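Student: My structure is below; once you've seen it, I'll send some questions.
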Ligand SMILES: [Zn+2]
Ligand SMILES: [Zn+2]
Ligand SMILES: [Zn+2]
């Protein structure tokens, strides 16, 4: 089944996944440590369970390969069997299928944390996932599911790995959350949804940890923030030890009733995780029946995100400018020595001052290496919380940053020159993120008409590349008034771009470069720009006048800066 | 000679006044206390001196009536002779004239200070001057000169008195200044010029106190700030006692040479004060000869002034809003009890905060009397220093304030309704000042087009009444955004009025009435208005964001708030 056929099928009807493997095989007597061993040692036991799921009406069977990645297998001394375990699992699942059933290769965590939470490199995890995905796909699965993930960064590595094996394989990704809607690594379901909206995945979902009743509110957030079809696999309640048996308290009947609620909220694929068995799947399928997926209302807002913080970009995105090593010798020297403590402090300060994102510019790049960029991204991931605007010139370093970054960052920036713009579009297509496009090519046009003309050219390129314009800010360019540049050209360009329905962002402080009293000029100018329709600014949030005026200018427009708390507290 | 004929003559050639009376009659043997007594006791002695001045070439003879006002005469027990002394003086001067010579009735100070500097009421001084002016004019003088005045308020009373006797008599007013360009009451020559520009006087001048060399720099300031023809009468240097004779050290030759410098600076009438005699006048006339007055470059800027502080209104006039008793019960009660200490404190604070003028609104006026308004004007004259914006609704009270005020105030405000506008135009014609005209009649029009239309109507009325439009601010009206009024109407009205070449002023804080965080909204809006061309605002100068943004907005326009120091320090 091709990817587009799978997506058409998802539009047509709600699909049913199977239930648990680990808990069900335990129930059926398996007492080993790794159920994947059964693929080689007792394939019939696996096949029997899968036949039961087929009989229960599952549209999709997962392969018994949840932990069959090299990292996990190594822990059990089984690394040498990686290919057989995965290939055999596919073979077993296929043999348990009816004609129109699908087999998805099951993948999950390596069990370690990627840097900076753990010790393992992103690229190492990526390689581990790529190896397993390659075997599963070579063995003929119809799709891949990456599930029970709790680290967004590890998930990102897995997604990139699967897609680097096949651009055409259907791909479901599913994270596991606590009842408060956050993963154990602090990533909220909204951030998960936001980041996955950009990535090349087909279905996003939630599974494990929670029983259906607890998962409903988490799932409803996913339904609100995700633009993708949805998958859900709750546990059958928390396990209780009764005698020497683990008993899951959610009965198949109760499970089935709840699962229909998920369908009402917009689930496209429903199944069961720990504690569920063929009976759960069967009753669920009967209770829900053959039905068309519900059309959901997804928020139209654009968000940016770090691993733990989600920020709306509307009505206005404030990006702090102060991490900028350009012309700062001492700071540059610290960065060269991989000492990022000053940058972390600057990020924390700017968060206190009311920024929603932090621009990161390491200054002179030719004296730096990939490790400096990886280092700063990881350090800020660990010790600062806001999303980043990655202000890097060298394309290779820019890719390092976006690859390493956990969340949805802003790429700052591309010009309208196709040769400059296209590779940066490729980056946000592959890694996600928003983009700032400067209204210039080699030189900055003097008049607003010419700047707008370049923006229109860029719009055509972006459309052709399939980038939604909502993901893009156009920078009308601010020049120093001290150098006799006319600030009205900028305001006019903002106004015209707004009339074209485009979003705009400026680097505010450039206006007052070289002036003695910068804050008041910046603030006055910002009010004019906001009035003209400006959507974002990279600014010095230490300037209280500027920050105050920004609030006032937005109030004048009948808008107010939204606190993320308000969004999170929104009732179901 | 009619007033217009006199003004034509002034355009044609430089005129020569006579020299001193007091010092010259002393030199000739008079040892009494009041030279005016000679008019009755020894008229021939006066006539002889005046004939000498005629012979020296004086175009204008002054009557020997410098101190012949009721206040001064009373001190010498001569009040009953007031009519004879003045009338006789005119008769003597006329008899000493050739056909084409002019006789100007000489008036000067009552020798007391008007309230609040002294104890005497403005109206009492006014009555004293009116009495003397009436006698002089009835006796047939060709003009009046009010000279050697050091209190601007007393001068104002004298001007009003003369004009209330005759609108057609030529009128010269002359103050006396120290070498630093300030009168002993602290009024600068620039303030004198500024205030007299509005009043119905024909010639302004400086006399006495200084010798020619010292007077030049003071006179050059007058020449820069005064729009009127200029008169100058220096002393012949400081008097020195040689034996039992007072000797003035400036010789006639030296005097003549200096006096030509005054003509070069733009003097239209030149004469001598203390220490000068016929020889000074004769040499001066010969040295200068028959010549056309120099065309001066007069500053086009509009200034406002208190007794001691001059403030430019360009590029932007900041008027402090905080003296406003509306809705403040305790403050209103204090005002009713003639306790203005709180108002004085508010005025002082607002000066510190950077205001150029202080708006004064006493709140509910029907519970107040004329004395409250006189009281507040005098209290602020005495204890605060900035010029005022007089925000009074009741026409009668408004006139009290303008009559009592020393300086050039802003009348706040008239509407475009002719019935409301005309009497307020009359007030600034009579007493001087600038005017705020609200772009409304009974109601506030909803759209900017209608507001501009009303402003245009007011412009026609103002032009017909001879009011220069530079003296007028149009208020486009700011309504509370909290009440869903559109602030853009205000900005658009400012822009259109600016395009018409009109000045604009807003009451800023009304915008945010009822909002929780007013400062940021006010500041953001002010930037938009300044960008649209706003010239003035009544605002809360405690709002630092607003004050900062104002500075920035002006910098953006390439303008900066001018410090009055810069003006005063300007070299010759
Ligand atoms: Zn599970
Ligand atoms: Zn599971
Ligand atoms: Zn004198």
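Student: Order the peptides A:376-389, A:176-189 from the highest to the lowest mean number of other Cβ atoms within 10 Å of their residues.
Tutor: Numbers: A:376-389: 22.8, A:176-189: 19.4.
Final packing ranking: A:376-389, A:176-189.
Student: Related question: Quote the FRET efficiency, to the nearest 0.05, computed for residue B:245 versus residue B:328 with a Förster distance R0 of 60 Å and r equal to the Cβ-Cβ distance. Could you put the intermediate results ahead of the total?
Tutor: Working: r = 65 Å, r/R0 = 1.08.
According to the calculation, E is roughly 0.40.
Student: Can you tell me the Rg and the Dmax, both Å, for the Cα atoms in the stretch B:79-155?
Tutor: 14.0, 45
Student: Still on this model: Please report the projected area of chain A's Cα convex hull averaged over all directions, in nm². Spell out each step's value before the answer.
Tutor: Numbers: hull surface 104.4 nm².
If you wrap the Cα atoms of chain A in a convex hull and average its projections, you get 26.1 nm².
Student: Pairs of alpha-carbon atoms within less than 8 angstrom and 6+ residues apart define the contacts here; what relative contact order does chain B have, in percent? Numbers along the way, then the final one.
Tutor: On the way: 1187 pairs, mean separation 63.1, N = 572.
Normalised by residue count, the contact order of chain B is 11 percent.
Student: Would you mind calculating the relative contact order of the stretch B:384-523 from Cα pairs under 8 angstrom and at least 6 residues apart, reporting the percent as a whole number? Walk me through the numbers before you get to the answer.
Tutor: Details: 211 pairs, mean separation 25.4, N = 140.
For the stretch B:384-523, the relative contact order is 18 percent.
Student: I want to verify the translational diffusion coefficient of the stretch B:174-282 in µm²/s; compute it with Stokes-Einstein, Rh as the Kirkwood radius over Cα pairs, at 37 °C and 0.692 mPa s.
Tutor: Using the Kirkwood radius from Cα pairs, D works out to 235 µm²/s.
Student: Further question on the same structure: If you count, for every residue in A:366-379, the Cβ atoms of partner chains within 10 Å of its Cβ, what is the mean? Intermediate values should be presented prior to the final figure.
Tutor: Details: counts 0, 0, 0, 0, 0, 0, 0, 0, 0, 0, 0, 0, 0, 0.
Other-chain Cβ atoms within 10 Å of each residue's Cβ, averaged: 0.
Student: Let me ask something additional. Computed from the mean reciprocal separation of all distinct C-alpha pairs, what Kirkwood hydrodynamic radius does the stretch A:303-557 have, in Å?
Tutor: Values: mean 1/r = 0.0550 Å⁻¹.
Here the Kirkwood hydrodynamic radius works out to 18.2 Å.
Student: Here is a follow-up. Treat each spin label as a single point 7 Å out from the Cα along the C-beta direction, and report the residue B:371 to residue A:369 distance in nm.
Tutor: 9.1
Student: To the nearest whole number, what is the average tally of beta carbon atoms from other chains within 10 Å of the beta carbons of peptide A:512-524? Please list the in-between numbers first.
Tutor: Values: counts 3, 0, 0, 2, 1, 4, 2, 5, 13, 8, 4, 11, 17.
Neighbouring Cβ atoms belonging to other protein chains average 5 per residue here.
Student: Next question, about the same structure. Which part of the stretch B:19-44 falls in the paramagnetic zone of residue B:76, meaning amide N under 16 Å from the point 7 Å along Cα-to-beta-carbon?
Tutor: Counting backbone N atoms under 16 Å from the label point, the list is B:21-44.
Student: For helix A:152-165, what angle does its Cα long axis make with the longest principal axis of chain A, in degrees from 0 to 90 and rounded to 10?
Tutor: Orientation of helix A:152-165: about 80 degrees from the principal axis.
Student: Another question about this same structure. Applying a 10 Å radius around every beta-carbon, put B:470-476, A:90-96 in order of their mean neighbour count, most first.
Tutor: Details: B:470-476: 25.3, A:90-96: 21.4.
Highest-to-lowest ranking by the protection proxy: B:470-476, A:90-96.
Student: For the stretch B:248-390, compute Rh as the Kirkwood radius over C-alpha pairs and then the Stokes-Einstein diffusion coefficient at 20 °C and 1.002 mPa s; write the answer in µm²/s, rounded to an integer.
Tutor: Numbers: Rh = 19.0 Å.
Value of D from the Cα-based Kirkwood radius: 113 µm²/s.
Student: Assuming R0 = 51 Å, what is the FRET efficiency of residue A:464 and residue B:393, from their Cβ-Cβ distance, to the nearest 0.05? Don't skip to the end; give the middle numbers.
Tutor: Details: r = 66 Å, r/R0 = 1.30.
Once rounded, the FRET efficiency stands at 0.15.
Student: Got the relative contact order for the stretch A:3-288 handy, in percent, Cα pairs under 8 Å and 6 or more residues apart? Please report the intermediate quantities before stating the final value.
Tutor: On the way: 603 pairs, mean separation 58.7, N = 286.
Answer for the stretch A:3-288 is 21 percent.
Student: Here's another thing I want to ask about it. Working only with C-alpha atoms, what are the Rg and Dmax values of the stretch B:424-546, expressed in angstrom?
Tutor: For the stretch B:424-546, the Cα radius of gyration and maximum Cα-Cα distance read 14.6, 45 Å.
Student: What order do you get for B:106-112, B:547-553, B:311-317 when each peptide is scored by the mean count of other beta carbon atoms within 10 Å, highest first?
Tutor: Values: B:106-112: 22.9, B:547-553: 26.6, B:311-317: 21.0.
The most tightly packed comes first, giving B:547-553, B:106-112, B:311-317.
Student: Another question about this same structure. What is the helix-to-structure angle for A:252-265, meaning the angle in degrees between its Cα long axis and the longest Cα principal axis of chain A, kept from 0 to 90 and rounded to the nearest 10?
Tutor: Here the helix axis deviates by roughly 30 degrees.
Student: Per the Kirkwood treatment, what hydrodynamic radius in Å, one decimal, follows for the stretch B:320-392 from the mean inverse distance over all distinct Cα pairs? Intermediate results must be reported in sequence, preceding the final value.
Tutor: On the way: mean 1/r = 0.0833 Å⁻¹.
Final number for the Kirkwood radius of the stretch B:320-392 is 12.0 Å.
Student: Something else about it: Using a/c under 1.5 as the rounded threshold, could you call the stretch A:18-141 rounded, prolate or oblate? The axes a ≥ b ≥ c are square roots of the C-alpha gyration tensor eigenvalues, and prolate needs a/b larger than b/c, oblate otherwise. Please list the in-between numbers first.
Tutor: Numbers: a/c = 1.99, a/b = 1.62, b/c = 1.23.
Since a/c reaches 1.5 and a/b is larger than b/c, the shape of the stretch A:18-141 is classed as prolate.
Student: Would you compute the Debye intensity of the protein assembly as shown from its alpha-carbon atoms alone, equal scatterers and no solvent, and pass along log10 I(q)/I(0) at q = 0.06, 0.07 Å⁻¹ to two decimals?
Tutor: Here log10 of I(q) over I(0) equals -0.66, -0.77.
Student: Let me ask something additional. How many times 2.2 N^0.38 Å is the alpha carbon radius of gyration of the stretch B:149-235?
Tutor: Against the compact-globule rule of thumb, the ratio is 1.01.
Student: Moving on to the next point. What's the extension gain from residue A:294 to residue A:261 if we count 0.36 nm per residue and subtract their Cα-Cα distance?
Tutor: Values: separation 33, 0.36 × 33 = 11.88 nm, distance 1.10 nm.
Full extension of this stretch gives 10.8 nm more.
Student: Okay, moving on. With a/c under 1.5 counting as rounded, go ahead and sort the stretch B:70-112 into rounded, prolate or oblate using the C-alpha gyration tensor (a ≥ b ≥ c being the square roots of the eigenvalues; past the cut-off, prolate if a/b is larger than b/c, else oblate).
Tutor: Details: a/c = 4.73, a/b = 2.06, b/c = 2.29.
Because a/c hits 1.5 or more and a/b fails to exceed b/c, the stretch B:70-112 counts as oblate.
Student: In addition: If you average 1/r across every pair of different Cα atoms in the stretch A:220-262 and take the reciprocal, what Kirkwood value do you get, in Å? Working shown, then result.
Tutor: Numbers: mean 1/r = 0.0807 Å⁻¹.
In the stretch A:220-262 this quantity evaluates to 12.4 Å.
Student: Just to be sure I understand: of the beta bridges DSSP finds with both ends in the stretch A:303-557, what percent are antiparallel, rounded to 5?
Tutor: Values: 4 of 30 bridges.
The antiparallel fraction comes to roughly 15 percent.
Student: Here's a follow-up. Quick check: residue separation of residue A:486 and residue A:48 times 0.36 nm, minus the Cα distance between them. What number comes out in nm?
Tutor: Values: separation 438, 0.36 × 438 = 157.68 nm, distance 7.64 nm.
150.0 nm is the gain from fully extending residue A:486 to residue A:48.
Student: Taking R0 as 60 Å, what's the FRET efficiency between residue A:444 and residue B:422 from their Cβ-Cβ distance, rounded to 0.05?
Tutor: Values: r = 55 Å, r/R0 = 0.92.
About 0.60, to the nearest 0.05.
Student: Using a 10 Å cut-off around each Cβ of peptide A:540-550, what is the average number of partner chain Cβ atoms that fall inside? Display every interim value, and only then the final one.
Tutor: Numbers: counts 0, 0, 0, 1, 4, 11, 4, 2, 13, 14, 3.
Mean shielding by partner chains, rounded to a whole number: 5.
Student: As a test, work out the antiparallel percent of DSSP beta bridges whose residues both lie in chain A, rounded to the nearest 5.
Tutor: 15
Student: If you don't mind, another one. Helix A:122-138 versus the longest principal axis of chain A: what is the Cα-based angle in degrees, 0 to 90, to the nearest 10?
Tutor: 40
Student: Just for the stretch A:3-288, what percent of DSSP beta bridges are antiparallel, to the closest 5? Please list the in-between numbers first.
Tutor: On the way: 5 of 31 bridges.
The answer is about 15 percent antiparallel.
Student: I've got another one for you. Going by the alpha-carbon gyration tensor, a ≥ b ≥ c the square roots of its eigenvalues, is the stretch A:3-288 rounded (a/c under 1.5) or, if a/c is not under 1.5, prolate (a/b greater than b/c) versus oblate?
Tutor: Values: a/c = 1.23, a/b = 1.04, b/c = 1.18.
Since a/c stays below 1.5, the shape of the stretch A:3-288 is classed as rounded.
Taken together, the values in this text are just the output of simple stated rules run on the coordinates, not laboratory data. Model, not experiment: these values are computed from the prediction. All Cβ positions, glycine included, derive from the backbone under ideal geometry; neighbour counts span all protein chains shown.
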